[in-house]
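A quick write-up on the structure given underneath.
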Amino acid sequence: MYLKNIFSPITIRGIEIKNRVRMSPMAVGYAEDGWATEVFARFFEERAKGGVGLISWALWPYQTVHGYFPWVFDDKFIPGLKLVADAVHKHGTKIVGQVGTGYGWSFKDGLTEIVGPSGVSLLGRPSTPYRVGTPTNRQRLAERPLTIDEIHQMIKGYGQSARRIRAAGFEGVELMLGAGYTLARFLSAETNKRTDEYGGDLDGRMRIHREIIAEIKKQAGNDFPIFVKISGAQFTKGGYTVEECASEICPRLEALGVCAIDVVVGWHEAPRGMMSNSVKPGEYLYLGEAVKKKVKIPVICGDRTNDLRDAEQAIAAGKIDMITLGRQLLADAETCQKAQAECFDDIRPCMCCAWCLETVDTPCICAVSPRTGRETIYTREPASKSKRVVVIGGGPSGMEAALVAAERGHKVTLFEKEDQVGGLLELAVLAPHKEDTKFLLDYFRTQIGKSGIDLRLGKQAIAAEVLAMNPEAVIVAAGAKPFIPNVPGITDPKVVMAKDVLLGTKPVGDRVVVVGGGMVGSEVAEFLAPKCKKIVILEMMPRIAGDVTRALRFDLIMRLRKAGIQMETDLEVTRISARGVWGVRKTFQHGPNEDFYEADTVVIAAGNKALGCLFEEFTGVFPVYTVGDANKASNVKDAIKSAFLAAMEI
């Protein structure tokens, strides 16, 4: 399928952009003490080389508490910004600098504070949904209302930042008016309770934005393009709606001279999983479509639209003008290039695990692409010498190790005891809302088939056979085995493993107790919810789904509650009886602390136990690397990273 609309050029306020793909500004945190360096240059250059038409880069017009974010509040930062712009321009890609992400500001070289129009918190506590460079001091977590003088200082700061962005060779500047950040909070009557000229009706609430745009034109020039990124609706109780955004807010922005509008999902405080794996591809494109009906300038949109074939249809239908890609470009910098060549199977997919969001305020990581942000460390050069490499185990770590080793020029043999590769990913994709994980599994299988790797399926690796192959390195990725609690009654016939439930190989009764409330236990409970009358999750730690990233956990817990699933924490299982499960509440200190839960079926989802190396015969014969769950039972992110690092050493 050729994407003729995606790969057609577009001109925005004189900026000639080679295609309709724009890289979303993300708080990736690769700066060094606030300075943009070669790390950022190589990160963005790979995306530009990979075919992105327009890059938007999040910059900070004030000094954040940490130095992971790139600053632009002083002229001294211009050379670093230019380094990045020059790297991007080499590949015909255009770049704009976004300012406005975050909840803070620092005045006159003072402390960074959380500031806003009125000091209103939608969380019900002094805090922000994401830190984004704001203080960690508990005494400074509440939003402080800005004075009029401070608003004027901010306005001037935005103008000066735009001037520096232009001086660095950028094509434009973008204002962040979405997600519930400081400038967004002025827009909304829910958070802007001011009675002065910066509050009141919509025109009053937008006064700060009018004055910022005027200051940008004054400092950077009337002809410097100004983009805006805005939430198409807040999705909070008293927030603005998509109708208000499309009919009232965006036309005003257009009248102020904004050249394009990027429409994103709601505020971070909204009680819905907008960035979660439960969101279907393209689910929020209607927000951009609504805005496009009301303005004449180009509209950009895309949340959770990672497949450019879906974007092609949206642009062809006239719903939007450009697609924005964020997390997908962390997973594969060459997404555009591969899509243009119609090599869709070769695109490494984002699996929507949200580890990138989990690592905001640090150097951002991508669970499926360990090179992301480390392009200066891990180049794609082949190994100095081709070696014979044996990989034992075809789960996520084994597949990654084999592919990386083969890409570096090694001759790889991969042993997998089952009839196809996949390992625990095969189980993971059976849980609800794991379509993105299935995309990753399909990708691995396809790439191994294309790689020239000697794949030996249905073959248990035997030490003598491996030794006879005379390998020069062995990577053990044999996985893990389920951890089974050593409690009385564990052998009762009503006790089944999570694997058996997902595969449907064991019957399940109406009343189910799931022992273990991590990711697996929570997902198994959700999987069973439509089939069972009563489900209870028993977790010995203080939190259900504590091993799930925040963006996904928030949504998962909401779904479990909606399904009526009972969740018990700090509960250590002590025995399984004829009619159910007994446990002790570890934190209850006021007398007997035993609880009992009736169950027809008890599902064990208590995690996994590493298998270890298993091959003592290899010691001292050749280098042996034990990776993934075979080394330490963890998650897909850690499995892929450990495998990547091992393969890069060989």
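The values are calculated or read from the model by the stated rules, or taken from the named source; none is laboratory data. What you see is a predicted model; the values in this text were computed from it and never measured. All Cβ positions, even for glycine, are placed from backbone atoms using ideal geometry, and neighbour counts span all protein chains on display.
For region 597-611, give me the residue count where each residue is modelled with pLDDT under 95 and over 15 Å from Gly398 (Cβ atoms). Outline the logic, then answer.
Start the filter on region 597-611 by keeping residues that are modelled with pLDDT under 95, which leaves 607-611.
Pick out the ones that are also over 15 Å from Gly398 (Cβ atoms) and you get 607-609.
Residues in region 597-611 being modelled with pLDDT under 95 and over 15 Å from Gly398 (Cβ atoms): 3 in total.
Residues that are closer than 24 Å to His209 by Cβ, without any contact (Cβ under 8 Å) to a residue 60 or more places away in the chain and out of contact with any Pro (no Cβ under 8 Å at 6 or more places or on another chain) within region 105-127 comprise Ser106, Phe107, Lys108, Ser121, listed in sequence order. Evaluate the following for Val295: is it of a type in the set (Val, Ile, Thr), without any contact (Cβ under 8 Å) to a residue 40 or more places away in the chain and assigned by TED's automatic domain parsing to the domain that holds Pro25? The answer is no for Val295. Tally the residues that are part of a strand (DSSP E or B) and surrounded by fewer than 16 Cβ atoms within 10 Å (Cβ to Cβ), restricting the search to region 464-515. Final tally of qualifying residues: 1. Any residue in region 248-256 that is over 21 Å from Lys294 (Cβ atoms) and surrounded by fewer than 23 Cβ atoms within 10 Å (Cβ to Cβ)? No, there is no match, as no residue in region 248-256 is over 21 Å from Lys294 (Cβ atoms) and surrounded by fewer than 23 Cβ atoms within 10 Å (Cβ to Cβ).
Conditions tested, residue by residue: (1) of a type outside the set (Asp, Glu); (2) touching a Cys at 6+ places or on another chain (Cβ under 6 Å); (3) within 15 Å of Thr134 (Cα to Cα); (4) in contact (Cβ under 8 Å) with a residue 60 or more places away in the chain.
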{"residue": "Val65", "(1), (2), (3), (4)": "yes, no, yes, yes"}
{"residue": "Asp75", "(1), (2), (3), (4)": "no, no, no, yes"}
{"residue": "Ile78", "(1), (2), (3), (4)": "yes, no, no, yes"}
{"residue": "Lys82", "(1), (2), (3), (4)": "yes, no, no, yes"}
{"residue": "Ile95", "(1), (2), (3), (4)": "yes, no, no, yes"}
{"residue": "Gly100", "(1), (2), (3), (4)": "yes, no, yes, yes"}
{"residue": "Tyr103", "(1), (2), (3), (4)": "yes, no, yes, yes"}
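With the structure loaded, tell me whether Arg388 is touching a residue at least 40 places away in the same chain (Cβ under 8 Å) and under 28 Å from Tyr30 (Cβ atoms) or whether it fails that test. Against the criterion (touching a residue at least 40 places away in the same chain (Cβ under 8 Å) and under 28 Å from Tyr30 (Cβ atoms)), Arg388 does not qualify. Would you confirm, using the coordinates I've provided, whether Thr335 is surrounded by 21 or more Cβ atoms within 10 Å (Cβ to Cβ) and either under 20 Å from the mean Cα position of the chain (by Cα) or farther than 22 Å from Leu54 by Cα (or both)? Considered against the rule, which asks whether it is surrounded by 21 or more Cβ atoms within 10 Å (Cβ to Cβ) and either under 20 Å from the mean Cα position of the chain (by Cα) or farther than 22 Å from Leu54 by Cα (or both), Thr335 comes out as yes. Within region 627-640, residues that are free of Cβ contacts under 8 Å to residues at least 12 places away in the same chain have Cβ atoms under 9 Å from residues that are assigned to a helix (DSSP H, G or I) and charged (D, E, K, R) in these pairs: Asp638/Asp629, counting only partners at least 6 apart in sequence or on another chain.
Among the candidates Ile230, Ile212, single out the residue that is in the same structural domain as His268 (by TED's automatic domain parsing) and part of a strand (DSSP E or B). Break it down into steps so the answer makes sense when it comes.
Details: Ile212 fails: part of a strand (DSSP E or B).
Only one candidate passes the filter, namely Ile230.
Among Val548, Val536, Val573, Val602, which is the only one that is crowded, with 20+ Cβ neighbours inside 10 Å, of a type in the set (Val, Ile, Thr) and farther than 20 Å from Val513 by Cβ?
Numbers: Val536 fails: farther than 20 Å from Val513 by Cβ; Val573 fails: farther than 20 Å from Val513 by Cβ; Val602 fails: farther than 20 Å from Val513 by Cβ.
Exactly one of Val548, Val536, Val573, Val602 is crowded, with 20+ Cβ neighbours inside 10 Å, of a type in the set (Val, Ile, Thr) and farther than 20 Å from Val513 by Cβ, namely Val548.
Taking the numbered list (1) in contact (Cβ under 8 Å) with a residue 12 or more places away in the chain; (2) closer than 29 Å to Val548 by Cβ in turn, Ile377 passes all entries but (1). Within region 194-205, the set of residues being over 16 Å from Pro145 (Cα atoms) and not in a helix (DSSP H, G or I) comprises just one member, Asp201.
Tell me yes or no: at least one residue of region 324-338 is among the aliphatic types (A, V, I, L, M), under 19 Å from Lys280 (Cβ atoms) and either in a loop (DSSP other than H, G, I, E, B) or at pLDDT 95 or above (or both). Looking through region 324-338, at least one residue is among the aliphatic types (A, V, I, L, M), under 19 Å from Lys280 (Cβ atoms) and either in a loop (DSSP other than H, G, I, E, B) or at pLDDT 95 or above (or both).
Within region 330-353, residues that are outside the structural domain of Arg445 (by TED's automatic domain parsing) and among the basic types (Lys, Arg) sit with their Cβ atoms under 7 Å from residues that are crowded, with 17+ Cβ neighbours inside 10 Å and part of a loop (DSSP other than H, G, I, E, B), at 6+ positions apart or across chains, in these pairs: Lys338/Ile347; Arg348/Asp332; Arg348/Val368; Arg348/Ser369.
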